[in-house]
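Peer 1: The structure that follows is given in the form of structure tokens.
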Amino acid sequence: MAALIDINNLTIGYTNSKQHKVVAQSLNAHLNEGEMTCLLGANGKGKSTLMKTICGFLKSMHGDILLNGKSTALMSEKELAKAIAVVLTDKISIPNATVFELVAYGRSPFTGLMGRLSDRDKTIVKTAIEQCGISHKIHSPLSALSDGERQKATIAKALAQDTDIIILDEPTAFLDLPARVEIMQLLRQLASAGKSILMSTHDLDLALQMADKLWLLNRDGVTSGSPEDLLLNNAFQSMFRGKGIEFDNKTGLFTVRYHHNQTIAVKGHGFEYVLLRRALMRKGIKPVKANHTDSVYISINKNEASVYKLMVDDICSFENSSVEATTKMILEVIQTYVNTTSNLMPYD
Amino acid sequence: MMHIVNNKTKYATLILLVLALLLLNMILGSVHIPIKAVFQIISGQETSNIIWENIITRSRLPQAIVALGAGMGLGIAGLLMQTLFRNPLAGPSVLGISSGASLGVGFVILVAGQFFGFSFSSLGLFGDLSLLVAALAGSLCILLVILFVSRRIGGTLAVLIIGVMIGYLSNSVVGIMKFYSLEEDVHTYVIWGLGSFSRLSLARAQLFLVLITIPAVACLFISKWLNLLSLGENYAQNLGLKIHRARMVVILMSGVLTALVTAFCGPIVFIGMAVPHMAKLVARTSNHFTLILHAGLLGAATALLCNVIARMPGLDSALPINSVTAFIGAPVVISVIWKRRKEQFAE
């Protein structure tokens, strides 16, 4: 698979006549054809700066970006316009503009002085709108669109530009979960159809599930690879070390790490156990597997009327089917026993 | 679809509207002249009434031509500024170009006269011409400053702020000049500052119309750039636009239009701010080729309407044109803001 974009020893940042502000340096990465790549990194690590530099909005401070082997610094606006399309976080507010008009502006690099659309241009515009699933809104004004539809219209504009590469700066920010997933699925489809996509995002879970490649941006470089390989090499785990987030090897998801100072013995498993565990972890209590020496434990049985039961010396002293009520009761019990009973905390 | 009226019908209606208003400008006034006589006079036929002929050729026709040209120029100049700055309140005056004209005129009327030991108001025709030149020189100087600044500075917003500040600066300089001037000269300056469509002879009115039409038509050729600029600078650049060049050309075009109008008519307010909104309302598109045509036609119509109102029959003398344009323009701007507010609620 050929690399479309090669980033070689790049330093990015802002310059004016007097000052230089380096945002990130020694960046090396490759964007491959037909892949969806997600750029991840904490705020302020330079995701937007990197994207702006690739698009030619900012000059690179050192090193270069090669596009099919040619440095982007040597390319004219027109050439770049035919190679890379962008979707930015800038809000587009054009009075009167309809979806069709917005998407049609994507054809600008190909139209003449007066910007007249040929029949072929019109077909491309319509196809782009169709691909993004907003054909029913083709003549609606942009102001009448939902945030998700507006984002799709902007993506359709980028599609109409007919470039090999589409770069998107946080396309899923400010959207609700279904809209995010929809946008990611759309991008996924586009990648499968041959587009090379680079997007920055904070949606770690979605990026892990849907991206072909991830670029993890740090001050001193880019770590890139497939999500699975990066997990295998502990790249994420080290990225978030000490930040209150940990990777759950069982679920393959990131979870918030809680500090726990209490434990409670629990007998049972399944969905009911997972939910109780979540509620308890939030309160700083860690459930541990009960064994026969425990005199106080929680028993979970999903087939009984009350799912959760507190057993003290094998006698049920509390029963309820609500996780909230059970958690509350456990907190009370712990508070009463905390200094007197060691049974409650068999393995601390 | 909501708007089935096609563009050809719209243009035809607008052109008819402009022609009707032109005719009204000929007919109405303190002296009523019948339509038939108007046509006779304009087409150059012999007429029995020499007074009517004089009124038409010396007063009403040049006025109407100037109003037509000024309205067209300001409407288009305002549209360019609103698109460049992506701000509904921008107008031709935001770059301080009309203030530059005031500065030039102020310099000639208030300073030069005193310096050479005469009152400017005694100069007559020569004075008229020198005012025109001074206004053009003043506004083009400011335009050059703005262009220089916009080349050096990255952001559009900075250009806007600097333009507004230059406007304030020239006004304060004019204020100082006024303070030290002869009373008659200040009066002459104030009259110039009120703005008027009725200062030009027929020959000069025709010259003005030709001069203003050239940049106005030229604007049609940057409509694609304007479309891209309305997307915002980054998107525009990503679509292959050379931002700096485009911005300079837009400022230059708008500046030349404003400078010409201000030089020939004095500062005319509100038309440049209100007309682009009318154009957007009527044209219902974001395509600047259509918008520029609409802004030109609607600008001409608005200025002609204002001119008729200023000269309403029953009034002894004409009202200052700027009071009338404000009466027409301000409600338009207010209604636009109002509509916007409603749209936000609808979202």
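Peer 1: Would you confirm whether any residue within region B:248-261 is farther than 24 Å from residue B:143 by Cα, without any contact (Cβ under 8 Å) to a residue 60 or more places away in the chain and within 14 Å of chain A (Cβ to nearest Cβ)? Break it down into steps so the answer makes sense when it comes.
Peer 2: Here is the first cut: in region B:248-261, the ones farther than 24 Å from residue B:143 by Cα are none.
No: region B:248-261 contains no residue that is farther than 24 Å from residue B:143 by Cα, without any contact (Cβ under 8 Å) to a residue 60 or more places away in the chain and within 14 Å of chain A (Cβ to nearest Cβ).
Peer 1: Let me ask something additional. For region B:25-115, please list each of the helices (runs of 4 or more DSSP H) lying entirely inside it that holds at least 3 residues being under 19 Å from residue B:142 (Cα atoms). Break it down stepwise before answering.
Peer 2: Details: elements: B:35-42, B:50-54, B:61-85, B:97-106.
Ranges flagged: B:61-85, B:97-106.
Let's see how each residue does on (1) crowded, with 20+ Cβ neighbours inside 10 Å; (2) part of a strand (DSSP E or B):
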site	(1), (2)
A:10	yes, yes
A:13	no, yes
A:22	no, yes
A:29	yes, yes
A:59	no, no
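Peer 1: Looking at B:145, B:66, B:111, which one is modelled with pLDDT of 85 or more and under 24 Å from residue B:169 (Cα atoms)?
Peer 2: On the way: B:66 fails: under 24 Å from residue B:169 (Cα atoms); B:111 fails: modelled with pLDDT of 85 or more.
Matching residue, one of B:145, B:66, B:111: B:145.
Peer 1: Only one of these conditions is not met by residue A:55: (1) within 8 Å of chain B (Cβ to nearest Cβ); (2) more than 20 Å from residue A:9 (Cβ to Cβ). Which number is it?
Peer 2: (2)
Peer 1: Could you figure out which of (1) at pLDDT 85 or above; (2) at positive phi isn't true of residue B:117?
Peer 2: (1)
Peer 1: Are any of the residues in region B:227-238 more than 9 Å from every other protein chain (Cβ to nearest Cβ) and touching a residue at least 40 places away in the same chain (Cβ under 8 Å)?
Peer 2: Yes, there is a match, as at least one residue in region B:227-238 is more than 9 Å from every other protein chain (Cβ to nearest Cβ) and touching a residue at least 40 places away in the same chain (Cβ under 8 Å).
Peer 1: So, of the residues in region A:107-131 that are within 8 Å of another protein chain (Cβ to nearest Cβ) and within 24 Å of residue A:199 (Cβ to Cβ), which turns out to be surrounded by the fewest Cβ atoms within 10 Å (Cβ to Cβ)? Outline the logic, then answer.
Peer 2: Just the residues of region A:107-131 that are within 8 Å of another protein chain (Cβ to nearest Cβ), to begin with: A:108-109, A:111, A:113-115.
With within 24 Å of residue A:199 (Cβ to Cβ) added as a condition, the list becomes A:108-109.
Working: A:108: 26, A:109: 20.
Across region A:107-131, the extreme among qualifying residues is A:109.
Peer 1: How about region B:172-254: which helices (runs of 4 or more DSSP H) wholly inside it have at least 2 residues that are surrounded by fewer than 16 Cβ atoms within 10 Å (Cβ to Cβ), among the hydrophobic types (A, V, I, L, M, F, W, C) and out of contact with any Pro (no Cβ under 6 Å at 6 or more places or on another chain)?
Peer 2: On the way: elements: B:183-194, B:202-220, B:223-229, B:233-238.
The helices (runs of 4 or more DSSP H) meeting that bar are B:183-194, B:202-220.
Peer 1: Right, next: If you check residue A:158 against the conditions, is it modelled with pLDDT under 90, within 17 Å of residue B:234 (Cβ to Cβ) and either more than 8 Å from chain B (Cβ to nearest Cβ) or in a helix (DSSP H, G or I) (or both)? Reasoning before the result, please.
Peer 2: Numbers: modelled with pLDDT under 90: no; within 17 Å of residue B:234 (Cβ to Cβ): yes; either more than 8 Å from chain B (Cβ to nearest Cβ) or in a helix (DSSP H, G or I) (or both): yes.
Taking the combined requirement at face value, the residue does not satisfy it.
Peer 1: Can you name every residue in region A:71-106 that is basic (Lys, Arg) and at the interface with chain B (Cβ under 7 Å from one of its Cβ atoms)?
Peer 2: Pass one, region A:71-106, residues basic (Lys, Arg): A:78, A:82, A:91.
Residue satisfying the conditions is A:78 alone.
The values are calculated or read from the model by the stated rules, or taken from the named source; none is laboratory data. These figures come from a predicted structure and were not determined experimentally. Note: ideal-geometry Cβ built from the backbone for every residue, glycine included; neighbour counts use all protein chains shown.
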